[in-house]
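Have a look at the structure below before the remarks.
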Amino acid sequence: MNGIIVKNKRITDGHFLLSMKLSGSFQTPRPGQFVMVRDKGRSDPLLGRPFSVYAFERRETKVIVEILYKVVGKGTLFLSMLKRGDSLEIFGPYGHAFDVFVFPHATKVVLISGGIGIAPIAFLASNYRRIVDAGNVELIFYCGATSALALVEVEKIKELSSDIFISTDDGSIGYHGVITDVFSKNISMYDPENSIIYACGPGPMLKRLSDLLVKNPIPCHVLIEERMACGVGACLGCTVRSKDKNGRDAHVRVCKDGPVFNIEDIAWS
Ligand code: FES
């Protein structure tokens, strides 16, 4: 589907917020789903890139889809140079969303993000109360970033949360270190009987979280960000190691089987 850029704004060092206007026939995305974005009429350098949906709004006959992205290579650099009025091809929404009904008795919802992983987590947070209708649920955020400059959209997160913990690799704001260290210090505050975790961030962050949960089995669903080509399960380019029901080695396609998984189902390495 054709998307017209209405805003492509640098929000902090190397991070951009892209807003696109699409036809109203675009399906409403659920938190955790992603869109494939491609430069119209060209295949390189933007050869179909997956981006988690950060925000979505329906306006009469049109919809606005927003993504947050960090410039990390040729494709995202190209994207950052596009201007208001330029066109992109948008496909989706794809993938399995966060299942917010998986644990209906949760009264503490812990949201953990690392880096640009904040995008789907913020979308989940902004939709959570509307979807679940749970006024007495606490939303507790743990946000990690490389530096204060790379900590994007924190004001929005503060408005949505009951409590927020921040860490940066360089100590420029919040705890000096990684966000899983902060969570680890607080982990006893979360009873597996009434808490659930949703997380998105770099692989090492998710692996560390998985290790922490071995002794503290709080239910946890994670969104895995992986390079993708087709985005619909055909090319096997996004395969990661997993475990089947009997704990044996298996593989899953992030685009088709995820991108949201139970943390226990992935073979973290
Ligand atoms: Fe092709 Fe996932 S990107 S199978």
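Read-outs throughout are calculated quantities, based only on the coordinates presented, and are distinct from any laboratory measurement. All values reported here derive from a predicted model rather than from experimental measurement. Cβ: placed from backbone, ideal geometry, glycine included. Neighbour counts: every protein chain shown.
Taking Cβ separations below 4.7 Å as the criterion for a possible disulfide partner, the isolated cysteines in the chain are C143, C200, C220, C238, C255.
Amide H to amide H distances under 5 Å link A55 with E66, where only residues 5 or more positions off or on other chains count and H is placed in the peptide plane.
Each residue of segment 116-171 gets 66 Å³ once the volume of the Cα convex hull is shared out per residue. Label separation (I164 vs N216): 2.2 nm, computed from points 7 Å beyond Cα along the C-beta direction. With θ taken as phi - 60° and the Karplus curve 6.51 cos²θ - 1.76 cosθ + 1.60 applied, the whole-hertz 3J(HN,Hα) list for segment 239-248 is 6, 10, 6, 9, 10, 7, 4, 9, x, 7 Hz, x standing for glycine and proline. Projecting the Cα positions of M205, S161, M228 onto the charge dipole of the chain (unit charges on Cβ atoms of Lys, Arg, Asp and Glu, taken about the Cα centre) puts M228 furthest along the positive direction. Take segment 1-147, drop everything but the C-alpha atoms, weight them equally and run the Debye formula without solvent; then report log10 I(q)/I(0) at 0.18, 0.21 Å⁻¹ to two decimals. Log10 I(q)/I(0), no solvent term: -1.08, -1.34. Remark: T12, T28 ranked as T28, T12, counting other beta-carbon atoms within 10 Å and listing the fewest first. Based on C-alpha pairs under 8 angstrom that are at least 6 apart in sequence, segment 76-160 has a relative contact order of 32 percent. Proximity of backbone amide H atoms, modeled 1.01 Å from N, is registered between D169 and A145, T146, S147, G177 at under 5 Å, excluding neighbours fewer than 5 places apart on the same chain.
For the chain, give the magnitude of the charge dipole about the Cα centre (Cβ charges: +1 Lys/Arg, -1 Asp/Glu; no others), in debye to the nearest 20. Display every interim value, and only then the final one.
On the way: 32 positive and 28 negative charges, 179 e Å.
So the magnitude is around 860 debye.
Ranked by how many other Cβ atoms sit within 10 Å of their own Cβ, fewest first, the residues M1, M189 fall in the order M189, M1. The fewest-to-most ranking of H15, H176, H105 by surrounding Cβ atoms within 10 Å reads H105, H176, H15. The shape of segment 128-211 comes out oblate: with a ≥ b ≥ c from the C-alpha gyration tensor, a/c is at least 1.5 while a/b does not beat b/c. Could you tell me the relative contact order of segment 93-248? Use alpha-carbon pairs under 8 Å, at least six residues apart, and round to a whole percent. Once divided by the residue count of segment 93-248, the mean separation gives 24 percent. Averaging 1/r over each pair of different alpha-carbon atoms in segment 164-222 and inverting the result gives 12.0 Å, the Kirkwood hydrodynamic radius.
In the chain, the longest principal axis of the Cα atoms and the axis of helix 203-215 are about 20 degrees apart.
Using only the C-alpha atoms, the convex hull of segment 79-192 corresponds to 140 Å³ per residue. Computed from the alpha carbon atoms alone, the convex hull of the chain holds 130 Å³ per residue. If a spin label sat at a point 7 angstrom from the Cα of E57 along the line to its beta carbon, the backbone N atoms of segment 95-138 nearer than 17 Å would be those of 123-124, 126-127.
Short-range pairs are left out: with C-alpha atoms under 8 Å and at least six residues apart, the relative contact order of the chain is 17 percent.
Phi angles across segment 142-152 convert, under the Karplus curve 6.51 cos²θ - 1.76 cosθ + 1.60 with θ = phi - 60°, into 3J(HN,Hα) values of 10, 10, x, 8, 6, 7, 4, 5, 8, 8, 9 Hz, Gly and Pro given as x. Of the residues L111, L77, F98, the one whose Cα sits farthest toward the positive end of the charge dipole of segment 70-114, with +1 on the Cβ of Lys and Arg and -1 on the Cβ of Asp and Glu, is L77. Structural size metrics of segment 182-254, computed from C-alpha coordinates, are Rg and Dmax of 14.6, 43 Å.
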